[in-house]
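The values are calculated or read from the model by the stated rules, or taken from the named source; none is laboratory data. Nothing here was measured: the structure is a model prediction, and the numbers come from that model. We place every Cβ from the backbone using ideal geometry, glycine too, and count neighbours over all the protein chains shown. With ligands, DNA and RNA removed, areas are computed over all heavy atoms of the protein, side chains included. Shrake-Rupley method; radii C 1.70, N 1.55, O 1.52, S 1.80 Å.
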Amino acid sequence: MFSCFSSFSSTFVSNLFPKGGDVICVGIAVDGFCLKVRLRYDFKTGLSRTVDMQKTSKMGKADFYSAEMPIFSTTEKIRYYFIIDDEKGDSYYYSKSGLSRVVPSVKNRFEIIPDLDAPSWVGLSTCYQIFPDRFFNGDPSNDVKAGEYFFNGAYVSTPSFLDAPKGYEEARCVDFYNGDLKGVKDKIDYISDLGFDAIYLNPVNCSLTVHRFDSTDFFHVDKKLGGDEAYLELLNAAHEKKIRIIQDISINHTGSGHPWFKKAKEDPSSQEAGFYYKNSDGTFRYWADVETLPQLNFNSEKLRSLLYKDAESAMKKYLKAPYFLDAWRLDVAPELGRTESDQLCQEVWREVRKELKKEREGLYLVGEDWDDSADYMQGDMWDATMNYFGSGRIIRSWLGEKDRFLCGAWGHSPEKTRPFTSKEFISAAYEALCSVPDQSVYFQMNLIDSHDTPRLHNNKEVMDDDIYLGGILALYLLPGMPSVYYGDEIGLDGTMGSVEGSRYPMQWDKKKWNMKYYNWYKELGKIRKMPSFGYSAFSMKIINDECFLIIRYLEKETLVAIINRGPGCSFTFDDPFTSINDVSLLLGSIDIADKNVITTKSKQSALLLIR
């Protein structure tokens, strides 16, 4: 019997982002004797076409077969799978779900979206998320002053970077640490040295709170962060370092202090009154019933024009000179334009994509969604999502956290539960990968922590440093772009129970850093920059219930991550698609004998380079 391997990757597909009229080459590796290998793909007649594949090279011990496939359409998805005949002439089918005697269903076939406006830089990048107020104060001249104004039930307070954040009931989201954009610019070298080449910035528009999801002006940067000038200086400094900026924005709602909302309350007949939803009793509708966040009503064409349609609209403004912003992160994206009677969400996101993509080549649109986002990632709305579903929730479950949607307090107080087994981890990861279009897999923003989640390393109920480092290794090896929340790389303090506990000020005293974490992240940053890594083929294999492998097949070498949560074990690495001439330990601690006999150490994960 034979074994097979293919994937939608640079390892097996000559052009991952073809245009209509192109002809691409598709491959599959087959280990063992077979009579025939064929490629079956969608054709312009509306039916499928089957062509014989030719043996062209080797991949490890396996034979590599390839065939050409025409991209006949600019608008229709093109799907394909492989047919392999064994020595008896019996036919087997290979698709995203693996090798089977059953013809694969459409959802399990490999697929291509022709003429996709793809932000191809994302799959090659590693991202660092910054909550600006809590990162670094680079310019005290723009500091907000204690008591400067009263909002949301409290006067502004200005704690020190040495102080832990107070709870919401006391701080009321107006506890400014006075981190600013000059502070981010001052730390560009720190960010770059860790291997990050993208920065995800939480909102910077004018607002009255520290989180700035309550915009009071979409067209300008908050002066408390340094204003438009400081933002431009940051973008220029980042771009000089070849670091792209992903900017957070919420167009689902404004702040209650926005002039539009003030006008809407004052004059029910005004144009601005049509910018906001109202309940049946005439009161305004608020996102999640938070009375500082009135929900915007996209039945208003004027609102759409102001936010993303007009040439000088809020979202287009920053894509043009002099800013040249690289990406938008879209807050609470599946909730936009939805009420009991309106379902405008997908309509609006299709318009946003159409309008913005023509302004900036390579623009990245990433939506916030905690669930499977496949419906939004078909090439006509978002490029990707913050991939809690396919990374964070899985890695946290590997460490023994109960899924956040099974816990109270918006998931900020996760309970302890039985950790995922290797089989469960791999099943969950493949389920997420196979759900979205193949090209979009590489655009996913993979993450463990964010401004909306308690930091996993602060959860004393489940934390084990060594197992946690294995989770970070998995994050960096999964297809897509890993996103690291500021401070995770040094083991920043925090608490469970609320978002305030995940927004501690950055610690800049190196004596208080967890250097084991820091060095681990820094080494992984180097791995992500290896030639051909970003779009390379990917697979996972079970060793036992508490140990599994993540394998990335680079052009001339193979990376093998051993993710281990259990006691030490020995196994033989025998992958027919990898040539094993030399094995090097890049990260972690294991014993290697006879090139491919591996013995793990208790709870220790590791990364191998095989040539």
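Observations on the model:
- A dipole drawn for the chain from +1 and -1 charges on Cβ atoms has a positive end, and of G226, F577, N205 the residue lying farthest that way is F577.
- Rounded to 5, the percent of DSSP beta bridges in the chain classed as antiparallel: 75
- Volume of the convex hull of the chain (Cα atoms only), normalised per residue: 158 Å³.
- Ranked by the mean number of other Cβ atoms within 10 Å of their residues, highest first, the peptides 512-525, 28-41, 116-129 come out as 116-129, 28-41, 512-525.
- Ranked by the mean number of other Cβ atoms within 10 Å per residue, highest first, peptides 301-312, 324-335 order as 324-335, 301-312.
- With a cut-off of 13 Å between beta carbons, the residues surrounding F110 carry a summed charge of +3, where Lys and Arg count +1 and Asp and Glu -1.
- Among P334, T292, L306 - extreme Cα towards positive end, dipole of region 274-350, charges at beta-carbon: L306
- Cα lying deepest toward the dipole's positive end in the chain, options S10, I426, G566, charges on Cβ: S10
- Protein-only accessible surface at a 1.4 angstrom probe places the residues C345, C569 in the order C569, C345, largest first.
- Here the Debye sum runs over all C-alpha atoms of region 330-451 as equal scatterers in vacuum, and log10 of I(q)/I(0) at q = 0.13 Å⁻¹ comes out as -0.58.
- Volume in Å³ per residue [convex hull over Cα atoms, computed for region 441-530]: 102
- For the chain, the relative contact order works out to 12 percent when only alpha carbon pairs closer than 8 Å and six or more residues apart are counted.
- Once the Cα-Cα distance is subtracted from the 0.36 nm per residue extended length, the F571 to T56 segment shows a gain of 182.2 nm.
- If you take the alpha carbon atoms of region 90-170 and fit the smallest convex hull around them, that volume is 288 Å³ per residue.
- Our estimate of slack between E170 and K320, defined as 0.36 nm per intervening residue step minus the Cα-Cα distance, is 49.9 nm.
- Taken about its Cα centre, region 471-545 carries a charge dipole of roughly 340 debye when the Cβ of each Lys and Arg holds +1 and the Cβ of each Asp and Glu holds -1.
- Evaluated over region 459-611, the count of Lys pairs having alpha-carbon atoms less than 21 Å apart is 18 (only pairs 8 or more residues apart or interchain).
- For region 462-528, the per residue solvent-accessible surface stands at 30 Å², with DNA, RNA and ligands left out and a 1.4 Å probe.
- Of interest is the spacing of the C-alpha centroids, which for region 369-429 and region 65-83 amounts to 32 Å.
- Accessible area per residue for region 86-133 is 38 Å², calculated with a 1.4 Å probe on protein heavy atoms, without ligands, DNA or RNA.
- Comparing Cα centroids, region 91-142 and region 214-247 end up 25 angstrom apart.
- Distance cut-off 20 Å, percentage of C-alpha pairs in region 234-306 lying past it: 39
- Helix-only mean residue ellipticity at 222 nm for the chain, each DSSP H run of n ≥ 4 adding -39500 (n - 2.57), per residue, nearest 500: -5000 deg cm²/dmol
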